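Colleague: Quick one: this structure, given as structure tokens, is what I'll be asking you about.
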Amino acid sequence: MNSAYYEIIHLIERLHRQFLDVLKAELERAGIHDINNVQSLVLHNIGEDEMTVGELTIRGYYLGSNVSYNVKKMVENDYLVQERSIHDKRSLRVHLSDKGRSLNASLSKLYVRHEEMLAELGMNEEKLVELNNNLLSLEKFWASQMLGGELKTLQAETK
């Protein structure tokens, strides 16, 4: 199958992996070896927020099955502070430590540099906004399909 839709599915996956490779290279260039690329992306997504491990997944800040392991490693390496919730002692909340905030600031500067470089290549803010809007539409479409939008069509075809 070589439709544009099918190519987009694979492109999104490849882009995510490639971006993680970019983060890995940047961490290595900076001499940072106690946090990996996936962890640094989670750290940046947390930003100034405080949340539970479950909220990381619900908010879409983490894709994968070992979120607890990665949070544990970031706590061990002093990027995150983990504390029991005041309201629910069973719940653990995390927020960035000073070391985490420093790395987060560096990542923010990296993203700004990337935006500037993209603008020089002709992919300005307007084009990025348009791309975001298209990807958000695709996300909404897929979400609607999980709610049964396509299931009825498939059931009808199999009868």
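Colleague: Can you pull the one-decimal nm distance between simple spin-label points at LEU11 and VAL129, each 7 Å off the Cα toward Cβ?
Modeller: The modelled label-to-label distance comes out at 2.1 nm.
Colleague: So if each residue of separation counts as 0.36 nm, and I subtract the Cα-Cα distance between GLN18 and ASN2, what length gain in nm does that give?
Modeller: On the way: separation 16, 0.36 × 16 = 5.76 nm, distance 2.16 nm.
Between GLN18 and ASN2, full extension yields an extra 3.6 nm.
Colleague: Is the shape of the chain best called rounded, prolate or oblate, per the rule: a/c under 1.5 gives rounded, else a/b larger than b/c gives prolate, else oblate, with a ≥ b ≥ c the square roots of the Cα gyration tensor eigenvalues?
Modeller: Details: a/c = 2.28, a/b = 1.30, b/c = 1.76.
Since a/c reaches 1.5 but b/c is at least a/b, the shape of the chain is classed as oblate.
Colleague: Dipole of the chain, Cα-centred, from +1 at each Lys and Arg C-beta and -1 at each Asp and Glu C-beta, to the nearest 20 debye? Walk me through the numbers before you get to the answer.
Modeller: Working: 19 positive and 24 negative charges, 120 e Å.
Roughly 580 debye for the chain.
Colleague: How far is the Cα center of region 119-137 from the Cα center of region 65-83, in Å?
Modeller: So the separation of the two Cα centres works out to 33 Å.
Colleague: Can you work out D for region 43-120 in µm² s⁻¹ from Stokes-Einstein, where Rh is the Kirkwood radius over C-alpha pairs, the temperature is 4 °C and the viscosity is 1.567 mPa s? Don't skip to the answer; put the middle values down first.
Modeller: On the way: Rh = 13.5 Å.
Calculated translational D: 96 µm²/s.
Colleague: Counting only residues 5 or more places away or on other chains, whose amide H sits under 5 Å from the amide H of MET51 once H atoms are built in the peptide plane?
Modeller: Result for MET51 returns VAL94.
Colleague: Same structure, new question: Could you point to the residue in LEU107, PHE141, LEU121 farthest towards the positive end of the chain's charge dipole, with +1 and -1 charges on the Cβ of Lys/Arg and Asp/Glu respectively?
Modeller: Positive-end residue among those listed: PHE141.
Colleague: For the chain, what does the helix formula give at 222 nm: sum of -39500 (n - 2.57) over DSSP H segments with n ≥ 4, over the residue count, nearest 500 deg cm²/dmol? Walk me through the intermediate numbers first.
Modeller: Details: 7 runs with 103 residues, N = 159.
Taken over the chain, the calculation gives -21000 deg cm²/dmol.
Colleague: Filter the trypsin sites (Lys or Arg not before Pro) in region 1-109 down to the DSSP loop ones having no more than 14 other Cβ atoms within 10 Å, then list what survives.
Modeller: Values: sites: ARG14, ARG17, LYS24, ARG29, ARG59, LYS72, LYS73, ARG84, LYS89, ARG90, ARG93, LYS99, ARG101, LYS109; in loops: ARG59, LYS89, ARG90.
Passing sites in region 1-109 are ARG59, LYS89, ARG90.
Colleague: For ARG90 and VAL112 in one chain, what is 0.36 nm times their gap in residues minus the Cα-Cα distance, to one decimal in nm? Don't skip to the end; give the middle numbers.
Modeller: Working: separation 22, 0.36 × 22 = 7.92 nm, distance 3.85 nm.
So the chain would gain 4.1 nm between ARG90 and VAL112.
No lab work stands behind these numbers, since they all come straight from the coordinates. As the structure is a prediction and not an experimental result, all values here were calculated from the model. Positions of Cβ are generated from backbone atoms using ideal geometry, with glycine treated the same way; all protein chains shown enter the neighbour counts.
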